[in-house]
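The values are calculated or read from the model by the stated rules, or taken from the named source; none is laboratory data. Just so it is clear, the structure is predicted and the values come from calculations on it, not from any experiment. Glycine gets a Cβ as well: all are built from the backbone with ideal geometry, and neighbour counts include every protein chain shown.
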Amino acid sequence: NEPELLAEVIADGVHLAPQTVRLAIRAKGPDGIALITDAFSAAGCPDGTYTLGSHAVFVKGDLCTLADGTLAGSMLTMNRAVANAIAFSGCALADAVKMATLIPAAVAGCAGRKGSIERGKDADLALLRPDFSVVATIVEGEVVYEDARNT
């Protein structure tokens, strides 16, 4: 265990098997993991064929591949990464949220403004339902997305 080393984890069950995600979180703890998505621009879109530069990318469910089957990114969204981290590892919700927010903000050098809810920080929030679907997104205190089911 190297405490100064941080692991970036794509918790999609494709790039890393659920058992590998569990092992990484167990080995590093929530302070040593940054949840990332490696999301392709079609994340959240229906199955189909999309373009990445000059390449055709085929999306089917959680898979995003080139014609030869090589992974071309992920279809993982951050709300699903949090849900998967909990499901795969049994970690606490607070720890999964920290791995998706404060730890990446610290890596990016912006933890003084982002990554946690504190007075004086940017009010960037994702409001989620118990099933981790998105209710609303708030950026710098302004609602920029609201699920139509809430209106």
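General remarks:
- Hits in segment 1-16 - residues which are surrounded by fewer than 19 Cβ atoms within 10 Å (Cβ to Cβ), closer than 20 Å to GLY61 by Cα and of a type outside the set (Gly, Ala, Ser): VAL14, HIS15, LEU16
- Filter result for ALA94 (crowded, with 18+ Cβ neighbours inside 10 Å, at pLDDT 95 or above, within 17 Å of the chain's Cα centre (by Cα) and more than 19 Å from GLN19 (Cα to Cα)): no
- Qualifying residue in segment 106-115 (condition: crowded, with 18+ Cβ neighbours inside 10 Å and under 14 Å from the mean Cα position of the chain (by Cα)): yes
- Taking the criterion of being among the β-branched types (Val, Ile, Thr), crowded, with 19+ Cβ neighbours inside 10 Å and over 15 Å from the mean Cα position of the chain (by Cα), the residues of segment 17-60 that qualify are VAL57, VAL59.
- Taking strands (runs of 3 or more DSSP E) as the structural unit, those lying wholly within segment 1-113 and holding at least 2 residues that are touching a residue at least 60 places away in the same chain (Cβ under 8 Å) and not polar (S, T, N, Q) correspond to 7-10, 33-36.
- Scanning segment 1-23 for residues that are farther than 22 Å from CYS64 by Cβ and not aliphatic (A, V, I, L, M) gives ASN1, GLU2, PRO3, GLU4, ARG22.
- LEU23 being under 19 Å from VAL97 (Cβ atoms) and either out of contact with any helix residue (DSSP H, G or I) (no Cβ under 9 Å at 6 or more places or on another chain) or aliphatic (A, V, I, L, M) (or both): no
- The set of residues in segment 136-151 being touching a residue at least 12 places away in the same chain (Cβ under 8 Å) and surrounded by 14 or more Cβ atoms within 10 Å (Cβ to Cβ) consists of ALA136, THR137, ILE138.
- Segment 114-130, subset outside any strand (DSSP E or B) and among the hydrophobic types (A, V, I, L, M, F, W, C), residue nearest to ALA34 (Cα to Cα): ILE117
- The residues listed here are LEU76, LEU63; of these, the one that is surrounded by 14 or more Cβ atoms within 10 Å (Cβ to Cβ) and in contact with a strand residue (DSSP E or B) (Cβ under 7 Å, 6 or more places away or on another chain) is LEU76.
- Only a single item in (1) modelled with pLDDT of 95 or more; (2) assigned to a loop (DSSP other than H, G, I, E, B); (3) among the aliphatic types (A, V, I, L, M) is not met by VAL144, and it is number (2).
- When the test is whether a residue is at pLDDT below 95 and under 21 Å from ARG129 (Cβ atoms), ALA43 passes it.
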